[in-house]
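Engineer: Submitted below is the structure of interest, expressed as structure tokens.
The values are calculated or read from the model by the stated rules, or taken from the named source; none is laboratory data. As the structure is a computational prediction, the values presented were derived from the model and not from experiment. Counting neighbours? That spans all protein chains shown, and the Cβs are built from the backbone with ideal geometry, glycine included. Surface areas here come from the heavy atoms of the whole protein model, side chains and all, with no ligands, DNA or RNA. Shrake-Rupley method; radii C 1.70, N 1.55, O 1.52, S 1.80 Å.
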Amino acid sequence: MANIISGTELASVIKKDIKQETDRLSKCGVTPGLAVIIVGDDPASKIYVNNKKKACEAVGFYSEEIALPADTTQKDLLAVIDKLNKRFDIDGILVQLPLPSHLNEKAVIGAISPKKDVDCFSPFNVGRVMIGDYRFLPCTPAGVMELIKSTGIEISGKNCVVIGRSNIVGKPMAMMLLNESGTVTICHSKTENLAQVTSQADILVCAVGKANFVTADMVKEGAVVIDVGINRNEDGKLCGDVDFEAVAEKAGYITPVPGGVGPMTIAMLMKNTLTAAKLNASAAMKKTGKK
Ligand code: NDP
């Protein structure tokens, strides 16, 4: 039976450290601030935004939710971002995705100042991850890296397979594993003989979005299996991409859903916001000549 890697426990340790650092910063007059923009009434997005707000409260950040109607125009949304870019009390700006279809997601993300792009979705910050010279890492893959590292297993030299090639999960995930010297294969919907590829993986990251997609025959004995997927099964229960019960019999380590990657994504968002606050504070001090 695999060891279960608890994202809930690891995230709580990370958030405790962030809270301590925040307390230290507030003594110097710096309170990290996160603005979350939500457009429309998507119920799942509302839950995610609420979780982010709660996490901010728990670590001592200032947070602000900007809820805009579903028919908000591109121009109005860009104007909101522009104002937030200029505010000194806001260190991080996040636009909850997906946006209503009339809005241009790329242009909206591109409008966030790279210094405040705590989701690390902007082309500038993604490029920095690509060359291994970054200030922020995208939250979900960063959380996955922490989960893998918590097992004590070296990534260097290992066969790492990522299923999924989205810009927010699969691609940066592969890049981060490569930055740690993993031998990385990216699979997607056009991959042939998927099970043959995945069963070579010492580390398998699944980010597909289909319940029970990864079955035991696709997994190598003793592998580390990280399940990024968030789905509902036929009973309406939250589940990942991995057939947990069967794969846990074969894997060495496995993350559950819920309680795996999800809480780590939020912890990494808090970490990025703290980093942004420190960078912004030191830039402001430089401007005023304070030490
Ligand atoms: P996308 O839908 O953008 O990407 C899914 C990927 O899966 C695509 O690259 C697609 O390939 C690939 N895929 C689909 N079908 C197959 C198949 N039959 N064989 C192999 N690959 C396949 O999703 P995201 O990357 O945004 O998210 C993936 C999952 O992770 C979702 O369930 C999402 O809810 C969850 N998620 C969880 C987070 C967390 O915090 N836990 C955060 C973000 C996402 P192709 O490119 O060829 O279409």
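Engineer: Could you list, in sequence order, all residues of region 36-47 that are farther than 23 Å from LYS83 by Cβ and either of a type in the set (A, V, I, L, M) or buried (at least 20 other Cβ atoms within 10 Å of the Cβ) (or both)?
Structural biologist: ALA44, ILE47
Engineer: Go through region 252-291 and give me each residue that's of a type outside the set (Val, Ile, Thr), open to solvent by 10 Å² or more (accessible area, probe 1.4 Å) and not in a helix (DSSP H, G or I).
Structural biologist: Passing the criteria: GLY252, TYR253, PRO256, PRO258, GLY259, GLY289, LYS290, LYS291.
Engineer: Is it fair to say GLU64 is open to solvent by 70 Å² or more (accessible area, probe 1.4 Å) and either over 30 Å from ASP243 (Cβ atoms) or within 20 Å of the chain's Cα centre (by Cα) (or both)?
Structural biologist: no
Engineer: I'd like to check something: does region 198-205 contain any residue that is under 17 Å from CYS139 (Cα atoms) and more than 8 Å from the ligand (Cβ to nearest atom)?
Structural biologist: The answer is yes, given that some residue of region 198-205 is under 17 Å from CYS139 (Cα atoms) and more than 8 Å from the ligand (Cβ to nearest atom).
Engineer: Next question, about the same structure. Need a quick list: strands (runs of 3 or more DSSP E) entirely within region 115-225 having at least 2 residues that are modelled with pLDDT of 95 or more and within 20 Å of ILE5 (Cα to Cα).
Structural biologist: Fully inside region 115-225 and qualifying: 159-163, 203-206.
Engineer: So GLY157 fits all but one of (1) in contact (Cβ under 8 Å) with a residue 40 or more places away in the chain; (2) over 30 Å from PRO32 (Cβ atoms); (3) open to solvent by 10 Å² or more (accessible area, probe 1.4 Å); what number is the exception?
Structural biologist: Condition not satisfied by GLY157: (1).
Engineer: In this structure, does PRO123 turn out to be under 21 Å from the mean Cα position of the chain (by Cα) and within 16 Å of the ligand (Cβ to nearest atom)?
Structural biologist: no
Engineer: Exactly one of (1) within 12 Å of the ligand (Cβ to nearest atom); (2) exposed (fewer than 15 other Cβ atoms within 10 Å of the Cβ); (3) under 26 Å from TYR134 (Cα atoms) is unmet by ALA195. Its number?
Structural biologist: The number of the failed condition is (3).
Engineer: Could you list, in sequence order, all residues of region 225-245 that are of a type in the set (A, V, I, L, M, F, W, C) and either open to solvent by less than 40 Å² (accessible area, probe 1.4 Å) or over 23 Å from ILE153 (Cβ atoms) (or both)?
Structural biologist: VAL225, ILE226, VAL228, ILE230, LEU238, CYS239, VAL242 - these are the residues of region 225-245 that are of a type in the set (A, V, I, L, M, F, W, C) and either open to solvent by less than 40 Å² (accessible area, probe 1.4 Å) or over 23 Å from ILE153 (Cβ atoms) (or both).
Engineer: In addition: Between THR72, THR31, THR22, which is at pLDDT 95 or above and surrounded by fewer than 16 Cβ atoms within 10 Å (Cβ to Cβ)?
Structural biologist: Going through THR72, THR31, THR22 in turn, the sole match is THR31.
Engineer: Taking only pairs six or more apart or across chains, which ones have beta-carbon atoms under 6 Å, a first residue in region 163-185 that is closer than 15 Å to VAL197 by Cβ and open to solvent by 20 Å² or more (accessible area, probe 1.4 Å), and a second residue that is part of a strand (DSSP E or B) and away from the ligand (no atom under 15 Å from the Cβ)?
Structural biologist: Within 6 Å, the pairs are THR183/ASN159; VAL184/CYS160.
Engineer: May I ask you to verify whether THR185 is within 14 Å of the ligand (Cβ to nearest atom) and either of a type in the set (Asp, Glu) or over 22 Å from the mean Cα position of the chain (by Cα) (or both)?
Structural biologist: no
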